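The values are calculated or read from the model by the stated rules, or taken from the named source; none is laboratory data. Bear in mind that the values here come from a model prediction, so they are computed numbers and not experimental data. Positions of Cβ are generated from backbone atoms using ideal geometry, with glycine treated the same way; all protein chains shown enter the neighbour counts.
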Amino acid sequence: MRIKVLGAAAGGGFPQWNCGCPNCRDLRSGALAAKPLTQECVAVSADDERWILLNASPEIRSQIEDCPALHPRGPRHSPIAAIVLTNGDLDHCLGLLSLRESHPLVICATERVRRGFTEGNVLYRTLQRFPGQVTWRTLEPGKEAEVGGLAVEALPAPGKPPIHLEDGGADPGDNVGLLIHDRRSGKRLAYFSAAAAVTPAMRAAFDRADCVFFDGTFWTSDELIALGLGDKRAEQMAHLPVGGKDGSLRTLAGVRAAKRIYIHINNTNPLLRPGSPEREQALAAGWEIAYDGMEVNL
Ligand SMILES: [Zn+2]
Ligand SMILES: [Zn+2]
């Protein structure tokens, strides 16, 4: 299984257009020896022919262009066999509207996420210009689906609906992780880019996986509050922080997956600062920090 990280940042990217936090400021000025990050999107393939995209970020056009494996191999062609959505947040699905150039799309999502994106959304009509432009495939938690040569199963992860749908209440289908199994090689990927907590089922999946991607949005619970950038704690935004006594570094200590990678990293996170104590702590615990262009071969 080949995994290509097209975008490693949380919503807003790095730097974020309206953000003057120390990380964004120092990246712009050159004081930070780091590279910009686009918003989270990952491509996975079992055969290098067909690729599935995990989430569709607002930067999907440039992300596809930056990844030759995803380029057309004919006058009208795309090796993208399907797009799998893990939740309905705009940084995860807005890119679908950028794929409107009359190309048949297969989109896999929970029923809840499909409805959240399609119902009452007049812009969705751009993906309904001809019959069969979009084929929705429902991800039913606990059931494996064959997608682009890979077996894909959704596992509910503690989360929340997207901000623009919060008044409709919460549902287990709002947010899922993905268990992706390459039956030929036997390799397993567990992909959880947003999770407010680790359930026993998630933990069991991580121990079976060869590679785990996990929510690296915030280092601390009060990261945005402390920087004067917002009034919500990480948990209120459905992200388990990485650091601290209840953070994912400690919660996931001992996970047996050979490769463990933090993704969906917010621009405020000290993990993005080379040499920071927080980054060193994560690396020392055996975690890697995703970046645009990162490749993993299982
Ligand atoms: Zn997000
Ligand atoms: Zn920032």
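Return the residue satisfying two criteria in turn: it lies in region 181-198 and is touching a strand residue (DSSP E or B) at 6+ places or on another chain (Cβ under 8 Å) and of a type outside the set (A, V, I, L, M), and of such residues it is surrounded by the fewest Cβ atoms within 10 Å (Cβ to Cβ).
Out of the qualifying residues, it is Arg183.
Could you list, in sequence order, the residues of region 99-116 that are of a type outside the set (D, E, K, R) and part of a helix (DSSP H, G or I)?
Within region 99-116, Val113, Gly116 meet the criteria.
Within region 71-89, does at least one residue satisfy the condition of being within 22 Å of Ser193 (Cβ to Cβ), acidic (Asp, Glu) and buried (at least 16 other Cβ atoms within 10 Å of the Cβ)?
yes
Being without any contact (Cβ under 8 Å) to a residue 12 or more places away in the chain and not small (Gly, Ala, Ser) is the filter; apply it to region 228-239 and report the residue that is farthest from ligand 2 (Cβ to nearest atom).
Result: Gln236.
Looking only at residues that are β-branched (Val, Ile, Thr) and within 25 Å of Pro156 (Cβ to Cβ) in region 84-124, which one is farthest from ligand 2 (Cβ to nearest atom)?
Val106
Of everything in region 190-211 that's under 24 Å from Leu90 (Cα atoms) and part of a strand (DSSP E or B), which residue is farthest from ligand 2 (Cβ to nearest atom)?
So the residue we want is Ala190.
Pairs only if they're at least six apart or on different chains, beta carbon under 6 angstrom, first in region 244-263 and at positive phi, second buried (at least 22 other Cβ atoms within 10 Å of the Cβ) and at pLDDT 95 or above; list them, first residue then second.
Pairs that qualify, where the first residue is at positive phi and the partner is buried (at least 22 other Cβ atoms within 10 Å of the Cβ) and at pLDDT 95 or above: there are none.
Would you mention how many residues in region 117-167 are in contact (Cβ under 8 Å) with a residue 12 or more places away in the chain and part of a strand (DSSP E or B)?
Here the count works out to 14.
May I ask you to verify whether Phe117 is surrounded by fewer than 13 Cβ atoms within 10 Å (Cβ to Cβ), on the phi < 0 side of the Ramachandran plot and at pLDDT 95 or above?
So Phe117 fails the test.
When the residues of region 60-98 are filtered to those that are β-branched (Val, Ile, Thr) and in a helix (DSSP H, G or I), which remaining residue is farthest from Leu139 (Cα to Cα)?
Ile64
Provide a single number: the residues in region 169-180 that are in contact (Cβ under 8 Å) with a residue 24 or more places away in the chain and surrounded by fewer than 19 Cβ atoms within 10 Å (Cβ to Cβ).
2
Among the residues of region 205-214, are any surrounded by fewer than 24 Cβ atoms within 10 Å (Cβ to Cβ), on the phi > 0 side of the Ramachandran plot and more than 16 Å from ligand 1 (Cβ to nearest atom)?
No - not one qualifying residue is present in region 205-214.
Considering only region 163-199, state which residues are modelled with pLDDT under 95, in contact with a Gly (Cβ under 9 Å, 6 or more places away or on another chain) and farther than 24 Å from Gly247 by Cβ.
His164, Leu165, Gly168
Can you say whether Asn297 is in contact with a helix residue (DSSP H, G or I) (Cβ under 6 Å, 6 or more places away or on another chain), of a type outside the set (A, V, I, L, M, F, W, C) and within 29 Å of Pro68 (Cβ to Cβ), as far as the supplied structure shows?
No, not satisfied.
Might you let me know whether region 72-81 holds any residue that is in contact (Cβ under 8 Å) with a residue 24 or more places away in the chain and either within 16 Å of ligand 2 (Cβ to nearest atom) or under 26 Å from Ile163 (Cα atoms) (or both)?
Among the residues of region 72-81, not one is in contact (Cβ under 8 Å) with a residue 24 or more places away in the chain and either within 16 Å of ligand 2 (Cβ to nearest atom) or under 26 Å from Ile163 (Cα atoms) (or both), which makes the answer no.
Consider Val242 carefully, then state whether it is crowded, with 22+ Cβ neighbours inside 10 Å, outside any loop (DSSP other than H, G, I, E, B), β-branched (Val, Ile, Thr) and more than 16 Å from ligand 2 (Cβ to nearest atom).
No: the conditions fail for Val242.
Given the conditions (1) under 20 Å from Gln39 (Cα atoms); (2) out of contact with any Ser or Thr (no Cβ under 7 Å at 6 or more places or on another chain), and given that Asp215 satisfies all but one, which numbered condition is not satisfied?
Condition (2) is where Asp215 drops out.
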